[in-house]
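Peer 1: Just passing along the structure, written as structure tokens.
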Amino acid sequence: MRVLLFLAALLCGLPSFAASRCDVNVPTQVAELNDVHLAYQSIGRESDPALLLVMGLGGQLIHWPDEVVVALCQQGFRVIRYDNRDVGLSTWVQAPASPNLTYEVLRYKIGLPVSAPYSLTDMAQDALGLMDALKVQQFHVLGASMGGMIAQHLADMAPRRVESLTLIMTSSGAPGLPMPSPALLQLLARRGAPDRQTALEQQADLLAALGSPEVKDDRQALLQQAAISYDRAFNPDGVKRQILAILAEPSRVELLNRLRVPTLVVHGTADPLLPVMHGIHVAAHIQGSQLKLIPGLAHRFQEAFKAPLLGAVLPYLREHRDEEQLQAASYKLQAATCPTSQSCS
């Protein structure tokens with residue numbers, strides 16, 4: 001009877017234990033790398049398989065929805081989310097002058113080289129440096145939008161360290177893929193705000209334009225999201241420099257063709273910034289990749305699509321987490337049963 005009571009108490013306590021283990025309110029820490037300092041959060045047990053989240057253009061670590069982070073952590077992952085360079089609480093690059101985005105966009109449109117103070121490869125090296133600083137050897141990667149582009153480079157740089165790759169609403173950067181509308185590009189590039197309220201209105205306009213036509217946004221909720229981001233950190237020149245890094249990037253088709261990392265590509269059928277052919281093209285060039293298309297999903301983590309997104313991502317991550325743990329157990333067993341003086345086949 002005592003054993004039964006103990007087991008019942010243990011089982012009843014599991015949800016609260018998982019909730020405390022997956023607390024998204026852990027302190028933000030800073031990793032000091034060679035060139036930049038990266039602000040990050042580590043959520044979950046250090047002994048769990050690591051999952052690195054790489055955010056998109058202008059996005060801060062807080063733009064990964066807390067409920068999504070908790071759901072990922074409750075699958076048994078140590079979830080690491082961070083601010084890319086030039087946004088949030090990470091290093092803001094000190095460029096000689098404010099980038100002339102309009103001029104560089106024109107050069108991009110007519111096929112001329114674009115000048116950028118750093119590259120997406122540099123940003124991928126930042127991510128790898130963060131994992132080195134945390135002493136994480138093997139890890140899974142989930143990248144969204146520009147974060148998916150950075151994740152592609154990361155998997156190419158360290159294919160033996162990346163256990164799985166999940167790419168959401170991203171692109172191969174190949175020429176000929178559908179472009180967003182000029183109106184959306186104008187909203188994306190509009191970064192000069194004379195005051196806080198103007199900046200909030202501009203960001204709310206952009207969020208609305210990136211949303212799904214199937215969902216009616218609450219303007220006040222968008223303004224509140226914009227205010228939280230603005231008050232944590234506001235660096236419009238940094239976002240411009242990130243845009244330049246994207247525009248200066250050549251096609252990643254050759255990179256994708258050589259990837260042999262298990263990959264899931266998730267894309268929305270209503271994406272206005274990177275239309276659905278971008279995701280299809282990425283999946284077509286990664287050998288053995290899986291493609292999940294989500295009807296109605298646009299280019300934002302809107303409430304209505306969080307469940308479909310998790311429904312696409314969680315089973316895939318669980319599968320590769322289990323494979324990683326089985327492989328680690330096999331190595332331990334082999335090390336325990338094989339004498340050091342001889343090899344075991």
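Peer 1: With the requirement that a residue be assigned to a loop (DSSP other than H, G, I, E, B) and within 23 Å of the chain's Cα centre (by Cα), what does the range 191-214 give you?
Peer 2: Let us first name the residues in the range 191-214 that are assigned to a loop (DSSP other than H, G, I, E, B), namely 191-195, 211-214.
Listed by number, the residues that qualify are Arg191, Gly211, Ser212.
Peer 1: Could you check the range 29-50 and list, in sequence order, the residues that are assigned to a loop (DSSP other than H, G, I, E, B) and loosely packed, with under 15 Cβ neighbours inside 10 Å?
Peer 2: Taking the range 29-50 and keeping what is assigned to a loop (DSSP other than H, G, I, E, B), we get 33-36, 44-49.
Correct list: Asn34, Asp35, Arg45, Glu46, Ser47.
Peer 1: For the range 204-229, name all the residues that are hydrophobic (A, V, I, L, M, F, W, C), surrounded by 14 or more Cβ atoms within 10 Å (Cβ to Cβ) and under 19 Å from Leu57 (Cβ atoms).
Peer 2: Kept after step one, since they are hydrophobic (A, V, I, L, M, F, W, C), are these residues of the range 204-229: 204, 206-210, 215, 221-223, 226-228.
From what is left, the residues that are surrounded by 14 or more Cβ atoms within 10 Å (Cβ to Cβ) are 204, 206-210, 215, 222-223, 226-227.
Within the range 204-229, Ala204, Leu206, Leu207, Ala208, Ala209, Leu210, Leu222, Ala226 meet the criteria.
Peer 1: Yes or no: the range 88-110 includes at least one residue that is open to solvent by less than 40 Å² (accessible area, probe 1.4 Å) and within 14 Å of the chain's Cα centre (by Cα).
Peer 2: No, there is no match, as no residue in the range 88-110 is open to solvent by less than 40 Å² (accessible area, probe 1.4 Å) and within 14 Å of the chain's Cα centre (by Cα).
Peer 1: If you don't mind, another one. I want to confirm something. Restricting to the range 185-203 and keeping residues that are in contact (Cβ under 8 Å) with a residue 40 or more places away in the chain and farther than 15 Å from Leu273 by Cα, which single residue is surrounded by the most Cβ atoms within 10 Å (Cβ to Cβ)?
Peer 2: Looking at residues that are in contact (Cβ under 8 Å) with a residue 40 or more places away in the chain and farther than 15 Å from Leu273 by Cα, I get Arg191.
Peer 1: Another question about this same structure. Quick one: how many residues across the range 158-184 are exposed (fewer than 15 other Cβ atoms within 10 Å of the Cβ), within 22 Å of the chain's Cα centre (by Cα) and among the hydrophobic types (A, V, I, L, M, F, W, C)?
Peer 2: 1
Peer 1: Select the helices (runs of 4 or more DSSP H) contained entirely in the range 51-156, then report the ones holding at least 2 residues which are touching a residue at least 40 places away in the same chain (Cβ under 8 Å) and under 26 Å from His320 (Cβ atoms).
Peer 2: Values: elements: 66-73, 101-109, 120-133.
Ranges flagged: 66-73, 120-133.
Peer 1: Considering only residues that are among the aliphatic types (A, V, I, L, M), closer than 21 Å to Pro175 by Cα and part of a loop (DSSP other than H, G, I, E, B), look in the range 272-297 and name the one that is least open to solvent (accessible area, probe 1.4 Å).
Peer 2: Ile286
Peer 1: Here's a check for you: in the range 230-271, which residue that is of a type in the set (S, T, N, Q) and either open to solvent by 20 Å² or more (accessible area, probe 1.4 Å) or in a helix (DSSP H, G or I) (or both) is nearest to Arg160 (Cα to Cα)? First the steps, then the outcome.
Peer 2: Start the filter on the range 230-271 by keeping residues that are of a type in the set (S, T, N, Q), which leaves 235, 242, 251, 257, 263, 269.
Subset that is either open to solvent by 20 Å² or more (accessible area, probe 1.4 Å) or in a helix (DSSP H, G or I) (or both): 235, 242, 251, 257, 269.
Details: Asn235: 35, Gln242: 28, Ser251: 23, Asn257: 17, Thr269: 32 Å.
Here the answer is Asn257.
Peer 1: Quick check on this structure: which one of Pro113, Pro117 is surrounded by fewer than 19 Cβ atoms within 10 Å (Cβ to Cβ) and out of contact with any helix residue (DSSP H, G or I) (no Cβ under 6 Å at 6 or more places or on another chain)?
Peer 2: After applying the criteria, what remains is Pro113.
The values are calculated or read from the model by the stated rules, or taken from the named source; none is laboratory data. Remember, predicted model here, so these are calculated numbers, not experimental data. Neighbour counts are summed over all protein chains in view; Cβ atoms, including those assigned to glycine, are modelled from backbone coordinates with ideal geometry. In case anyone asks, the SASA skips ligands and DNA or RNA and just uses the protein heavy atoms, side chains included. Shrake-Rupley method; radii C 1.70, N 1.55, O 1.52, S 1.80 Å.
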